[in-house]
1. Regarding THR226, is this residue β-branched (Val, Ile, Thr) and surrounded by fewer than 16 Cβ atoms within 10 Å (Cβ to Cβ)?
2. For residues in the range 375-405 being crowded, with 16+ Cβ neighbours inside 10 Å and of a type in the set (Phe, Trp, Tyr), which is nearest to LEU343 (Cα to Cα)?
3. Quick check on the range 181-209: of everything there that is assigned to a helix (DSSP H, G or I) and within 19 Å of SER167 (Cα to Cα), which residue is modelled with the highest pLDDT?
4. Any idea which of VAL845, VAL830 is surrounded by 23 or more Cβ atoms within 10 Å (Cβ to Cβ), over 28 Å from ASP207 (Cβ atoms), modelled with pLDDT of 85 or more and not small (Gly, Ala, Ser)?
5. Check LYS242 against each of (1) at pLDDT 80 or above; (2) over 29 Å from GLY159 (Cα atoms); (3) part of a loop (DSSP other than H, G, I, E, B) and name the one condition it does not meet.
6. Can you name the residue in the range 589-644 that is small (Gly, Ala, Ser), in a loop (DSSP other than H, G, I, E, B) and closer than 16 Å to ASP713 by Cα and, of all such residues, is modelled with the lowest pLDDT?
7. Taking the residues in the range 412-446 that are of a type in the set (Val, Ile, Thr) and modelled with pLDDT of 90 or more as candidates, determine which candidate is nearest to GLY470 (Cα to Cα).
8. Report whether or not LYS503 is farther than 19 Å from THR468 by Cα and among the basic types (Lys, Arg).
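The values are calculated or read from the model by the stated rules, or taken from the named source; none is laboratory data. Treat the numbers as computed from the prediction; the structure is a model and nothing was measured. FYI the Cβ positions are ideal-geometry reconstructions off the backbone, even for glycines, and counts take in every protein chain you see.
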Amino acid sequence: MEIASDQGSETESINSGRIGFSGPLVSNKKKSRKKSARFKDEDSYVEITLDVRDDAISLQNIRGTTDQKATSLASQLEKRNSSFGSQLSFNLRNVSQELRRITSSKSFNKVDRTKSGAARALRGLQFINKNVRNEGWSEVESRFHELAANGMLPKSQFGKCIGMHESTEFADGLFDALARKRCITSPSITKAELHEFWEQITDTSFDARLQTFFDMVDKDADGRITEEEVQEIIMLSAAANKLLKIQEHANEYAALIMEELDPHNLGYIELHNLETLLLEAPHHSTIVSTNSRVLSQLLSQKLKPTKEANPIKRCYRRLSYFIGDNWKRIWVMTLWLSICAGLFTWKFIQYKHRAVFDVMGYCVTTAKGGAETLKFNMALILLPVCRNTITWLRSRTKLGVIVPFNDNINFHKVIALGIAIGVGLHAGAHLTCDFPRLLHATDEEYEPLKPFFGDKRPNNYWWFVKGTEGWTGVVMVVLMAIAFTLAQPWFRRNRLKLPTTIKKLTGFNAFWYSHHLFVIVYILFIIHGYFLYLSKKWYKKTTWMYLAVPMVLYAFERLIRAFRSGYKTVQISKVAVYPGNVMALYMYKPQGFKYTSGQYIFVNCSDISPFQWHPFSITSAPGDDYLSIHIRTLGDWTSQLKAVFSKVCQPPTNDKSGLRRADIAPEMNKPRLPRLLIDGPYGAPAQDYKKYDILLLVGLGIGATPLISIVKDVLNNIKQQKEIEEGLAENGLKDIKKKPFAARRAYFYWVTRDQGSFEWFRGVMNDVAEHDKEGLIELHNYCTSVYEEGDARSALITMLQAIQHAKSGIDIVSGTRVKTHFARPNWRQVFKHVAVNHADQKIGVFYCGPPSLVADMRQLAQDFSRKTTTKFEFHKENF
């Protein structure tokens, strides 16, 4: 063996305290050296680069030989190492083992990296997201100066410095791997070392990223990953992605990976095993593959917005789009505004020709015009909240074609704004204009007004306030102001940070009770409208005429609710408390109770409050023999309801879902359960799903509740229709026409933050996967707590998911047969997928969730409807 030295290659790194050196293996200096040794074999040289430190030697590189020769060299190295001393001998034995490891890792058949799945995996294993990576080193350097102490960045601040804010434990593991590779034992690093770390984790080479990930798993840096190390990295990845259930079963999943990658029971896996799993694992995508020709045709269309050069044409196109999307709302609002304007104008002109105009002028005309619109709107505002009437109209009539029943609550809010404007005009004109003019009128000017205000002229404001017309008006304004204020979302949803004492006066309960002050308001409104200053004849006092029909209709509505809920005391069959503060109530369906998927019911619990009724979407299907709702505890009432029912629940048995549950059979001695009343069902936007052949259902979190009912109903009707067709075919009755169930295909996208949320509807997911053999219902679950596909923090979860699903057909995240996607969906790709599969068809898009996504979903539906042959009709329901 010949040792080649190169004294001129000595380098020093002052900051890290490490020194690299290429020279003789034997040296009296006890500093770190890099040595290059060359073995002569048949007139050829093999160069082996070693990193020799005080108590360790690691193999850096080997050049100039084949894998077979490298194996031979390892054996020679083991035989010749005795002359270097016992400690060096031990270290060189380790080097030979490392040499054998590299030899073995280079001898396997390379994975084909040209496959589509491999190409996608090669873009993965990103240690930081794209946004942080785009910031560049300058941003990281800036954060280093903010976080470093005495020029050293502590390990605890490493994740924050590189932009890995939400994964502290994973960042610590990455820090340890990078430091271990460089033999850094200090818990802090310098800026130069941080720059080295940054260069490695932002390396675009897949092999470099794979090696970094391997180093994270390989805690003892022996080039082999044991089952204990696999379990540790599973725990780390699960913690970074907030997957608590995977953490609980980390030992089982570690054994599963070892079984897959270590078929010979060697007790370890190597780098090439990890690469094989990454590149050959079946990666699933958000969009299933479709006919490439059809897809190319769709992509060739102008889906990207193009700016029209002509401003007139641009405005015309926008206007036509707006009218096409909102024509129902436009004609309703136009009619309403026209009626208000007509009533105001009529009363304005009428009082302009009366004697009071000479004294009060346009003040009285404005006040009376505002009062007339106020009467109309006080009558009209009751109609949008007549739930039974609206449900009957939308379900039994064709008015839904021209009337936007889905906007009934929004219209209720618009009318409330109209009432506020009417109150402002009426009260403002009286208090600031009419009354001051009257008080300052001369005797001659006051003479024509004696029949209205008396022979003695009023001498101060108190005269107006103490009268029936005055105090009723003031009290009404105060009560309306309270109800209007507490109805605002900032107070109703407790979004404002208020002192505890004041916060108790807000929330849904305050909104509910304050809204019921309307009973007092309407009584005062009728009294106020009867005792008028300027109208003494009964037939000119028109307030009661406006209110008569709406108030009778609303009173009849309330009587129906009270009567119907009185005998619909439901019997509870099952209670389940799930993760994510969700409780499911399963009830025996009351006799004669009929509903449509997508509708909702009101629930009352007398143990909490005999007056409060709260709406919840029905999650069971019409064909089920039970009635179910899922309730998320977000406020006072729902929290109390959960507390009451949790008392009768016990931990589940027999692998049943839920944290706690109570299954109550009819023959059991039933525990003392709260008494529940239900009222409904009532119509909702989601119930229109039967009008469409193709459905795109999008639910966020608990917003999936009405859509789950639709999924179950579609599945039940598909099976029923199939049975009918088979039965007709057998009997030779093909000519008999039966009204078909419209929905033939459904795409369901459920996006949730927590892994535990999938337990809510696990049974439904498994039922669809088991019975929908033709794939008529596509289920897509998304867990946003897991980092997107390609992120190193979720790489092991992706591998584990693929192995588990291939082996048992069960997804490790959701616990169902439906694979879970990670991060958030690309909604444009979702719409494109549906449009490609269903050209020249009408798609019903039903969204239920927070308002934040409504604008994007509506815009996508409009874009694809205008620029493709597929028409998307958007329906939304917010909570």
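1. For THR226, the condition - β-branched (Val, Ile, Thr) and surrounded by fewer than 16 Cβ atoms within 10 Å (Cβ to Cβ) - is not met.
2. Per the stated criteria, the residue is PHE376.
3. Step one: list which residues in the range 181-209 are assigned to a helix (DSSP H, G or I), which gives 181, 191-201, 206-209.
Then keep just the ones that are within 19 Å of SER167 (Cα to Cα); that gives 194, 197-198, 200-201, 209.
Details: LEU194: 89, PHE197: 86, TRP198: 86, GLN200: 83, ILE201: 81, ARG209: 75.
If we take residues in the range 181-209 being assigned to a helix (DSSP H, G or I) and within 19 Å of SER167 (Cα to Cα), then LEU194 is modelled with the highest pLDDT.
4. Details: VAL830 fails: surrounded by 23 or more Cβ atoms within 10 Å (Cβ to Cβ).
Among VAL845, VAL830, only VAL845 is surrounded by 23 or more Cβ atoms within 10 Å (Cβ to Cβ), over 28 Å from ASP207 (Cβ atoms), modelled with pLDDT of 85 or more and not small (Gly, Ala, Ser).
5. (2)
6. So in the range 589-644, the residues small (Gly, Ala, Ser) come out as 592, 597-598, 606, 609, 617, 620-621, 623, 628, 635, 639, 643.
Subsequent filtering for residues that are in a loop (DSSP other than H, G, I, E, B) retains 592, 597-598, 606, 609, 620-621, 623, 635.
Narrowing further to those that are closer than 16 Å to ASP713 by Cα: 597-598, 620-621, 623.
On the way: SER597: 89, GLY598: 89, SER620: 90, ALA621: 89, GLY623: 85.
Ranking the candidates gives GLY623 first.
7. Step one: list which residues in the range 412-446 are of a type in the set (Val, Ile, Thr), which gives 414-415, 419, 421, 423, 432, 442.
Among the residues that remain, those that are also modelled with pLDDT of 90 or more are: 414-415, 419, 421, 423.
Values: VAL414: 27, ILE415: 24, ILE419: 18, ILE421: 19, VAL423: 14 Å.
Only one residue fits best here, namely VAL423.
8. Working: farther than 19 Å from THR468 by Cα: yes; among the basic types (Lys, Arg): yes.
For LYS503, the condition - farther than 19 Å from THR468 by Cα and among the basic types (Lys, Arg) - is met.
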